[in-house]
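The values are calculated or read from the model by the stated rules, or taken from the named source; none is laboratory data. Treat the numbers as computed from the prediction; the structure is a model and nothing was measured. We place every Cβ from the backbone using ideal geometry, glycine too, and count neighbours over all the protein chains shown. Side chains are part of the model used for accessible areas, which takes the heavy atoms of the whole protein and leaves out ligands, DNA and RNA. Shrake-Rupley method; radii C 1.70, N 1.55, O 1.52, S 1.80 Å.
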Amino acid sequence: MAGTSFRSAPAPGAFEGTIIPYDHAATFELKGLPGNIVQDVINVSGDGVFVATAVGYGFEEQRARPINNPASPAPAPAAPVTPGDATLGQLPLAALIEGFRISPKFAPLVFSAAPGQVFSDQRFAPDLFFGSVQNRSVLERVKAPEDISFFFSIVDSGTGREFQDQPAHNLASLGKSNGERPFRLLARPLSFLPRSTLRLQIAERTESAQGTLFIVLYGYKILGASRCPEPVVRDWRTTPQGCPVETFGEADARAIPFDYVTTFELTGNPGAVIEDEVSVSVEGGFVATSVGYGLAVEERGVVVEFERIKEVEDPILRNAISSWSRNTLIDLNQFPLRLFPANALRDGIRIRPNFLRVALGNNGQLANQLPGNLADKVFEVLNRPEDVSFRYAMFDSGTGHELQNRPINNIAGLGIANGDRPFKKLARPMSFLPRSTIRVQVEERFGRGTLFIAFQGYKLLGAAPQGGRR
């Protein structure tokens, strides 16, 4: 293609040939019905060529279930329920073992406003409080995360080209669904011209696994190269005329490893959107090469608040437990929810697996003579760092570049939340000029605590990154 120039108007805030890391994600709403087929389409924008270098996926599971099994609901009390006076003996044993919580949807009615959250005097109909209908139960069972299984196929709609001879199984082609693996690198980078489309089809295999599945193509976008033919783009390393590549910094600039970190206070309210922004210092440009994240949570233990016994409204229950303390025996069947901290009930509570024999006794029922000094050890919250779930979007605020086509699930875009995976390496390093900003938006799905998202790379002291990228 020597002697031919392929040029188009650059994107706003960008030079021709600007190369930025970019992710294209497709989403699928799974219903938990084996054999159900769902589809989505990825549309490559018209501002440049997209080159895919790897693929991964993650499952944002809907873990909340009605506290009662719809197939065999437990008998509910006849009188309206005061949430703080509901007892563990009224809950299904499976919910105590797996975990239960106050639904985020009803939490503002159950608790007073922060700070100093306490139970309100709001009463609920029994079939609403101990509900058996999805999204219509004040108390929810929180099921444990599970791996999923599905078949998938990918087709380039523009050319009709398929990327497999038959639908592929997710474990065979992409690895474990919990993100505990490196992202699958493509054998050769795959480029897509502007306005091309990819069609992805999923066939479900896991029963009752409900939620949103994300399949992500990781790569980079060449802005302002929308008129480069596909063979030229694929062979971009040869630097054909009209499709320049970038350089990073000056030859004599001193580079040091450096991280820029964004922080977010997750409140445990699904759907809440929060943002953070970091500014690149004036002493030199910054080049991001990878991204990592982690959630810092409070202690997982649950401290029983025996001092709240006097707040129990039911006089019969209050008299029955009035003598409880850490020095007496307690009956878990009569244990009111009011004795749990409000944040613990928001996050979810379960019996610790290693205390099941203590809490259930010899007959498989809740112990009626549990030593009070064990009450603080029997229960734990479900707010674990490895279970955090959120959607994120990243922006270069200085140039207005988005680094993905839609908000992406953390497992699908960054890997497993417990850190047991390589950091996500950007397909192409992303450079930021001094005084530019990196903005990250997070939408909460599950978990509470301080979330850290770190941009790992190096700083060029005394120099700004040069070339096509801003």
(1) more than 30 Å from GLU146 (Cα to Cα); (2) under 21 Å from the mean Cα position of the chain (by Cα) all hold for ILE309 apart from (2)
If we keep only residues of segment 81-125 that are in a loop (DSSP other than H, G, I, E, B) and of a type in the set (A, V, I, L, M, F, W, C), then the residue surrounded by the most Cβ atoms within 10 Å (Cβ to Cβ) is ALA86
Checking SER157, SER137 in turn, the sole residue that is small (Gly, Ala, Ser), surrounded by 14 or more Cβ atoms within 10 Å (Cβ to Cβ) and in contact with a Ser or Thr (Cβ under 8 Å, 6 or more places away or on another chain) turns out to be SER137
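Just checking, does segment 137-149 include any residue being charged (D, E, K, R) and under 15 Å from PRO80 (Cβ atoms)?
Narrowing segment 137-149 to residues charged (D, E, K, R): 140-141, 143, 146-147.
From the residues that got through so far, the ones that are under 15 Å from PRO80 (Cβ atoms) too are none.
Taking every residue of segment 137-149 in turn, none turns out to be charged (D, E, K, R) and under 15 Å from PRO80 (Cβ atoms).
Could we say that GLU207 is more than 28 Å from PRO422 (Cα to Cα), open to solvent by less than 70 Å² (accessible area, probe 1.4 Å) and within 27 Å of the chain's Cα centre (by Cα) here?
Values: more than 28 Å from PRO422 (Cα to Cα): yes; open to solvent by less than 70 Å² (accessible area, probe 1.4 Å): no; within 27 Å of the chain's Cα centre (by Cα): yes.
Taking the combined requirement at face value, the residue does not satisfy it.
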When every residue in segment 375-402 that is outside any strand (DSSP E or B) and within 17 Å of GLY415 (Cα to Cα) is compared, the one least open to solvent (accessible area, probe 1.4 Å) is VAL388
Filtering segment 188-214 for residues that are part of a loop (DSSP other than H, G, I, E, B) and either under 20 Å from ASN170 (Cα atoms) or free of Cβ contacts under 8 Å to residues at least 24 places away in the same chain (or both) leaves a count of 5
Note on segment 160-183: residues open to solvent by less than 70 Å² (accessible area, probe 1.4 Å) and polar (S, T, N, Q) are GLN164, ASN170, SER173, SER177, ASN178
With criteria (1) under 30 Å from ALA255 (Cβ atoms); (2) in contact with a helix residue (DSSP H, G or I) (Cβ under 6 Å, 6 or more places away or on another chain), THR437 comes up short on (2)
If you go through ARG350, ARG318, ARG326, the only one that is within 30 Å of GLU443 (Cβ to Cβ) and either open to solvent by 70 Å² or more (accessible area, probe 1.4 Å) or not in a loop (DSSP other than H, G, I, E, B) (or both) is ARG350
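The rows are residues; the columns are (1) in contact (Cβ under 8 Å) with a residue 24 or more places away in the chain; (2) within 30 Å of ARG421 (Cβ to Cβ); (3) over 29 Å from the mean Cα position of the chain (by Cα).
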site	(1), (2), (3)
THR87	yes, no, yes
ILE102	yes, no, no
PRO108	no, no, no
ALA113	no, no, no
VAL142	yes, yes, no
ASP147	yes, yes, no
PHE152	yes, yes, no
ARG161	no, no, yes
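Are any of the residues in segment 399-406 out of contact with any strand residue (DSSP E or B) (no Cβ under 6 Å at 6 or more places or on another chain), among the acidic types (Asp, Glu) and at negative phi?
Within segment 399-406, the subset out of contact with any strand residue (DSSP E or B) (no Cβ under 6 Å at 6 or more places or on another chain) is 399-400.
Those still in the list that are among the acidic types (Asp, Glu) too: none.
No, every residue in segment 399-406 fails to be out of contact with any strand residue (DSSP E or B) (no Cβ under 6 Å at 6 or more places or on another chain), among the acidic types (Asp, Glu) and at negative phi.
If we keep just the residues of segment 291-304 that are of a type outside the set (Gly, Ala, Ser) and surrounded by 15 or more Cβ atoms within 10 Å (Cβ to Cβ), which is farthest from ILE351 (Cα to Cα)? It would help to see each step written out before you state the result.
So the first thing to find is which residues in segment 291-304 are of a type outside the set (Gly, Ala, Ser), and the list is 291, 293, 295, 297-300, 302-304.
Adding the requirement that they be surrounded by 15 or more Cβ atoms within 10 Å (Cβ to Cβ) leaves 291, 293, 295, 297, 300, 302, 304.
On the way: VAL291: 35, TYR293: 29, LEU295: 23, VAL297: 19, ARG300: 12, VAL302: 10, VAL304: 13 Å.
Among residues in segment 291-304 that are of a type outside the set (Gly, Ala, Ser) and surrounded by 15 or more Cβ atoms within 10 Å (Cβ to Cβ), the one farthest from ILE351 (Cα to Cα) is VAL291.
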If we ask which residues in segment 268-307 are of a type in the set (Lys, Arg) and at pLDDT 95 or above, their number turns out to be 0
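Here is a yes/no grid of residues against (1) at pLDDT below 90; (2) in a loop (DSSP other than H, G, I, E, B); (3) open to solvent by 30 Å² or more (accessible area, probe 1.4 Å); (4) of a type in the set (Phe, Trp, Tyr):
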{"position": "ALA26", "(1), (2), (3), (4)": "no, no, no, no"}
{"position": "LEU30", "(1), (2), (3), (4)": "no, no, no, no"}
{"position": "GLY35", "(1), (2), (3), (4)": "no, yes, yes, no"}
{"position": "ILE42", "(1), (2), (3), (4)": "no, no, no, no"}
{"position": "PHE50", "(1), (2), (3), (4)": "no, no, no, yes"}
{"position": "ALA54", "(1), (2), (3), (4)": "no, no, no, no"}
{"position": "PRO73", "(1), (2), (3), (4)": "yes, yes, yes, no"}
{"position": "ALA76", "(1), (2), (3), (4)": "yes, yes, yes, no"}
When segment 172-187 is checked residue by residue, the ones that are more than 20 Å from the chain's Cα centre (by Cα) and free of Cβ contacts under 8 Å to residues at least 40 places away in the same chain are ALA172, SER173, ALA187
Residue hits (segment 342-384; free of Cβ contacts under 8 Å to residues at least 40 places away in the same chain and among the charged types (D, E, K, R)) are ARG352, ARG357
